[in-house]
Amino acid sequence: MAFTPRVFSGIQPSGTLHLGNYLGAIKRFVPLQQQYPCLYCVVDMHAITVWQEPDALRHATREVAAAYVAAGVDPKAHIVYNQSRVIQHAELAWIFNCVARMGWMSRMTQWKDKTAGKNAEAESLGLFAYPSLMAADILLYKATHVPVGEDQKQHLELTRDIAQKFNNDFGPSIREQGLDPEFFPLTEPVIAGPATRVMSLRDGSKKMSKSDPSDQSRILLTDEPDAIAKKIKRATTDPEALPSEVEGLKGRPEADNLVGIYAALSDTTKDDVLKQFGGQGWGAFKPALADLAVAKLEPIASEMRRLMADPASIDAFMADGAERASEIAEATMKDVRRIVGFVR
Ligand code: TRP
């Protein structure tokens, strides 16, 4: 059966949003609205898999929702909400906890990286089960397209494994209920464009991250224009001029990163950027990049500030989004409960 196309994606409200979140996710959410019905979720239940101060969680939840809207997501035409308001996420995640295998979870590279050389025994059970909640987010809405960064590809594979195992294990029951045997879709990631992976401004081999100890390594969506310009001008580079072709960026991770950021911000390709700047030095390129970044980010930052000044308005569109999300989620759960054999 062909599933109705639907987009789902989510960002965790933990820490402050940076350029990596914007170029790798939020910016790419916007054009999808023209093609598909979209759900953009603030995944607060994922955030608490590691400790969050309750006040900080509330603030960050509203900030992510504000960023979606400031960047151009329409919360009326589509759905913007925070995960914990739609309790079916937790309900389906529990069922998926009983479908997914311990071995699948232990093989997740994100889990392995997070616990490498550390005491895995001290991590929360929720952190281990994180990917099964993510599968529930997506499959609750039978989403067919999920825009995510490279680092989330494995979680999407796991989502497909869970969908497939559910469809197989419960095959006879699904048929008995008169439902389509391919009950859950096998969801595809949507990974595209330059700078889907934005690197640290200090070290081109590391991802731009909220947990990097250096403030100079990342540009925040809420940074003032002069802070953005300073961070770009101080970004680590090599002594060479920019190459004229993409080939020449090989082995130059910092140059590759800054050119990728320029391309993503200006909606062009690295090729086009190098056609314009090839042969020029950093003294020319960095100020141009700083101007571009300020021009693109400042309108978003100021709209975020405007929205954050009235948190009740953010809560209102999230409540409205959650109500519409719940309708879709509950329709799925009605079937799932019957399929599994829960008596109602
Ligand atoms: N795991 C994703 C991240 O850290 C966030 C996320 C949670 C998500 N649920 C999702 C992304 C569902 C896409 C779809 O980036």
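The values are calculated or read from the model by the stated rules, or taken from the named source; none is laboratory data. Computed from a predicted structure; not experimentally measured. Virtual Cβ from ideal backbone geometry, glycine too; neighbours counted across all protein chains shown. The area values use the complete protein model at the heavy-atom level, side chains included, leaving out ligands, DNA and RNA. Shrake-Rupley method; radii C 1.70, N 1.55, O 1.52, S 1.80 Å.
What you get for the chain, charging only the Cβ of Lys and Arg (+1) and of Asp and Glu (-1), is a dipole of about 320 debye around the Cα centre.
Amide H contacts under 5 Å for R252: none, restricted to partners 5 or more places along the chain or on a different chain, H placed in the peptide plane at 1.01 Å from N. For the stretch 308-317, 3J(HN,Hα) computed residue by residue from phi via the Karplus equation (6.51, -1.76, 1.60; θ = phi - 60°) reads 5, 6, 10, x, 4, 5, 5, 4, 5, 6 Hz, glycine and proline entered as x. Placing R0 at 56 angstrom, the Cβ-Cβ distance between T115 and S302 gives a FRET efficiency of 0.90 after rounding to 0.05. With all protein chains in place and a 1.4 Å probe, the accessible surface of the stretch 64-117 carries 57 percent carbon and sulfur.
For the stretch 104-249, what is Rg from Cα atoms divided by 2.2 N^0.38 Å, rounded to two decimals? Please report the intermediate quantities before stating the final value.
Values: Rg = 20.9 Å, N = 146, 2.2 N^0.38 = 14.6 Å.
So the Cα radius of gyration is 1.43 times the expected 2.2 N^0.38 Å.
With a cut-off of 8 Å between alpha carbons and a minimum separation of six or more residues, what is the relative contact order of the stretch 82-155 in percent? Write down the numbers at each step before the final one.
Values: 40 pairs, mean separation 33.1, N = 74.
It rounds to 45 percent for the stretch 82-155.
Using Cβ point charges alone (K and R +1, D and E -1), the dipole size of the stretch 81-228 about the Cα centre works out to roughly 300 debye. Surface composition of the stretch 123-243: carbon plus sulfur atoms contribute 50% of the solvent-accessible area (1.4 Å probe, protein chains only, all chains present).
Students often check this: by mean Cβ neighbours within 10 Å, which of 281-288, 7-14 ranks highest, and how do the rest follow? Mind showing how you got there, number by number?
Values: 281-288: 15.2, 7-14: 23.0.
The most tightly packed comes first, giving 7-14, 281-288.
For the stretch 246-344, the relative contact order is 15 percent, taking Cα pairs closer than 8 Å that sit 6 or more residues apart in sequence and dividing their mean separation by the residue count.
Here, the chain yields an orientationally averaged convex hull projection of 18.6 nm² when only Cα atoms define the hull.
L158 contributes about 0 Å² of solvent-accessible surface, heavy atoms of the protein only, 1.4 Å probe.
Note on T115: accessible area approximately 20 square angstrom, rounded to 10, probe 1.4 Å, nucleic acids and ligands left out.
With the other protein chains left in place, how much accessible area per residue, in square angstrom, belongs to the chain at a 1.4 angstrom probe? Mind showing how you got there, number by number?
Working: 15610 Å² over 344 residues.
Using a 1.4 Å probe on heavy atoms only, each residue of the chain averages 45 Å².
Quick one: order R85, R324, R306 from most to least accessible surface, probe 1.4 Å. Walk me through the numbers on the way to the answer.
Working: R85 100, R324 70, R306 145 Å².
From most exposed to least exposed: R306, R85, R324.
Contact order, relative form, for the chain: 23 percent (alpha carbon pairs under 8 Å, 6 or more residues apart, mean separation divided by residue count). If you line up the long axis of helix 54-71 against the longest principal axis of the chain, both from Cα atoms, how many degrees apart are they, to the nearest 10? Its long axis makes an angle of about 70 degrees. For the stretch 185-255, the gyration tensor built on C-alpha atoms gives an oblate shape. Its axis ratio a/c (a ≥ b ≥ c) is at least 1.5, and a/b is not larger than b/c.
Backbone geometry of the stretch 335-344 corresponds, through the Karplus equation with coefficients 6.51, -1.76 and 1.60 at θ = phi - 60°, to 3J(HN,Hα) couplings of 5, 4, 4, 5, 4, 6, x, 6, 7, 10 Hz, x marking Gly and Pro.
Where does each of E150, E303 land when they are ordered by accessible area, with a 1.4 Å probe and the largest first?
Working: E150 80, E303 50 Å².
Reading off the accessible areas and sorting them downward yields E150, E303.
Looking at the chain, the DSSP beta bridges with both ends there are about 15 percent antiparallel. The stretch between R338 and S244, if pulled fully straight at 0.36 nm per residue, gains 27.8 nm over its current Cα-Cα span. Considering only A93, P172, G10, the residue lying farthest towards the positive end of the dipole of the chain is P172, judged by Cα position with unit charges set on Cβ.
Got a sec? What order do M45, M108 fall in by accessible area at 1.4 Å, biggest, i.e. largest, first? It would help to have the intermediate numbers written out before the result.
Working: M45 45, M108 15 Å².
Accessible-area ranking of M45, M108, largest first: M45, M108.
Students often get this wrong, so check it: of K27/K334; K210/K231; K76/K207; K230/K270, which have C-alpha atoms separated by over 25 Å? Please list the in-between numbers first.
Working: K27/K334 34 Å; K210/K231 15 Å; K76/K207 33 Å; K230/K270 23 Å.
From K27/K334; K210/K231; K76/K207; K230/K270, over 25 Å: K27/K334; K76/K207.
Accessible surface of H59, taken over heavy atoms with a 1.4 Å probe and every protein chain present, rounds to 100 Å².
Distances between placed amide hydrogens fall under 5 Å for H18 paired with L221, all partners being 5 or more residues away or on another chain.
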